Amino acid sequence: MATEPAPLTVQDWDDVPASETPGDHGVMLSRVAEAAGRKLRVVELSPGYLANHWCEKGHAAYVLYGELTLERQGGERVVLRRGQGFAVGDGPPAHRARAGRKGARLFLVD
């Protein structure tokens with residue numbers, strides 16, 4: 001029995017409009033696309049950005065530029081720089097992002 005090949009999606013991120021979300025400090029610009037049943041995002045965090053909420057949704061991310069601190073409720077903190085990534089599962093403890101002094105750009109898969 002033959003199987004159909006999985007579809008191939010090519011994304012030009014410059015063609016995706018950015019939406020702006022304010023944080024407790026700074027702003028996040030998000031470009032969002034759907035592919036292969038997943039949500040793909042390129043986000044830019046302004047220098048000093050701090051998310052205005054704690055998130056319990058799982059993500060996998062890769063730092064394209066800059067530096068950010070991933071904070072988890074309970075006090076754990078991990079600093080990530082260009083070329084590093086992280087994966088965090090759904091549920092507690094929740095997490096949030098804090099950008100470094102030059103900001104950060106990330107590629108995320110939800």
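The values are calculated or read from the model by the stated rules, or taken from the named source; none is laboratory data. What you see is a predicted model, and the numbers here were worked out from it, not measured in a lab. We place every Cβ from the backbone using ideal geometry, glycine too, and count neighbours over all the protein chains shown.
Of the residues that sit in the range 63-79 and are closer than 12 Å to ARG105 by Cβ and not hydroxyl-bearing (Ser, Thr, Tyr), which one is surrounded by the most Cβ atoms within 10 Å (Cβ to Cβ)?
Of everything passing the filter in the range 63-79, LEU68 is surrounded by the most Cβ atoms within 10 Å (Cβ to Cβ).
Is at least one residue of the range 10-18 surrounded by 13 or more Cβ atoms within 10 Å (Cβ to Cβ), among the aliphatic types (A, V, I, L, M) and under 13 Å from the mean Cα position of the chain (by Cα)?
no
Look through the range 31-49, keep the residues that are surrounded by fewer than 18 Cβ atoms within 10 Å (Cβ to Cβ) and of a type in the set (A, V, I, L, M), and return whichever of them is modelled with the highest pLDDT.
VAL32
Which condition breaks for GLY103 when tested against (1) within 30 Å of LEU8 (Cβ to Cβ); (2) part of a strand (DSSP E or B); (3) over 12 Å from the mean Cα position of the chain (by Cα); (4) not basic (Lys, Arg)?
With (1) within 30 Å of LEU8 (Cβ to Cβ); (2) part of a strand (DSSP E or B); (3) over 12 Å from the mean Cα position of the chain (by Cα); (4) not basic (Lys, Arg) applied to GLY103, the lone miss is (1).
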